[in-house]
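Below is one structure, written out as structure tokens; the observations come after it.
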Amino acid sequence: MNRSKTLVLAVILGVLAGACGYSDEEMQAERDRITNKLQGERAADKAAADKKIQELALQNAALTEQLRKLGINVEDQKRSLEESNKALEELKAKERQAQQRLATFKGMLDRFQKMIESGKLKVKIVRGRMVVELSENILFDSGRADLKKEGQDALTEVATVLAAIQDRDFQIAGHTDNIPIKSAKFPSNWHLSTARALTVGTYLADHGVPPVRLSAAGYADTQPAAPNDTPEGRQQNRRIEIVLMPNLDELPDLSQLKDMK
């Protein structure tokens, strides 16, 4: 008789006892009998469960031994599977980042299309980064770092696009050709390129781009876009670049280097 039937029987006995006038001693004896029966059934259930667990453990041990004889280490296989799953998740995360980055690039390119067609700027990919390039003759007069009216108009359009891009930082990079400049205001090409980058960064900040997302740097003639041996090449090198900086999650994980000495 299983436990549920025993419980039903106990209820029935209680009802019958009340109806038939059993004495308290008889009722107590019946309750004790039923209680003992329930305890016995519980012990039997536990013993059966323990036996099943032991059987499963033996089966598992036997299977593990068979796999070991075949040269298969279960723990190694488990770790290998976990590592493979982790690597797969990392690849999926990188793919999502790449797709998001591509979508950002495409969005910027679409917004700049009219300015590209009008010759006000160029958009290119340099070392995996999107770069918006504006020529010196659009922004500045030769040897100067204050914006021309044409340059202000162009940067106003650029600021509108950059301000609409969320969670991205931009570096304003000033570049010159290799012809040295030396004046009271700009002792070198380093000074001129840095001053121009600061001018552009300040203008963008004043026209809607959050200053916290902007930085400025001057490179003088150290990163030419073309050879400096022709007037055309030197003109290409006199430029301002607005570089879309990578997010932290797009950079390589260097956390393991902290343990290296």
Exercise. Does at least one position in the range 145-158 carry a residue that is touching a Phe, Trp or Tyr at 6+ places or on another chain (Cβ under 6 Å) and of a type outside the set (S, T, N, Q)?
Worked result: yes
Seminar exercise, completed: In the range 144-167, residues that are touching a residue at least 24 places away in the same chain (Cβ under 8 Å) and either more than 30 Å from GLN100 (Cβ to Cβ) or touching a Leu at 6+ places or on another chain (Cβ under 6 Å) (or both) total 5
For this session: Test THR156 against the stated conditions and say whether it is farther than 20 Å from LEU214 by Cβ, of a type in the set (Val, Ile, Thr) and either assigned by TED's automatic domain parsing to the domain that holds VAL209 or in contact with a strand residue (DSSP E or B) (Cβ under 9 Å, 6 or more places away or on another chain) (or both).
Result: no
Seminar exercise, completed: Result of the Cβ filter at 6 Å on the range 122-142, keeping first residues that are touching a residue at least 60 places away in the same chain (Cβ under 8 Å) and partners that are surrounded by 12 or more Cβ atoms within 10 Å (Cβ to Cβ) and assigned to a helix (DSSP H, G or I), at least 6 apart or interchain, is MET130/PHE105; LEU139/GLY151
For this session: Determine whether LYS114 is in contact with an Asp or Glu (Cβ under 9 Å, 6 or more places away or on another chain) and not in a helix (DSSP H, G or I).
Result: no
For this session: For residues that are touching a residue at least 24 places away in the same chain (Cβ under 8 Å), surrounded by fewer than 16 Cβ atoms within 10 Å (Cβ to Cβ) and part of a helix (DSSP H, G or I), tally how many sit in the range 199-211.
Result: 0
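The values are calculated or read from the model by the stated rules, or taken from the named source; none is laboratory data. In this text, all values refer to a predicted model and were calculated from it rather than measured experimentally. No Cβ is skipped: glycine too gets one built from the backbone with ideal geometry, and neighbour counts run over all protein chains shown.
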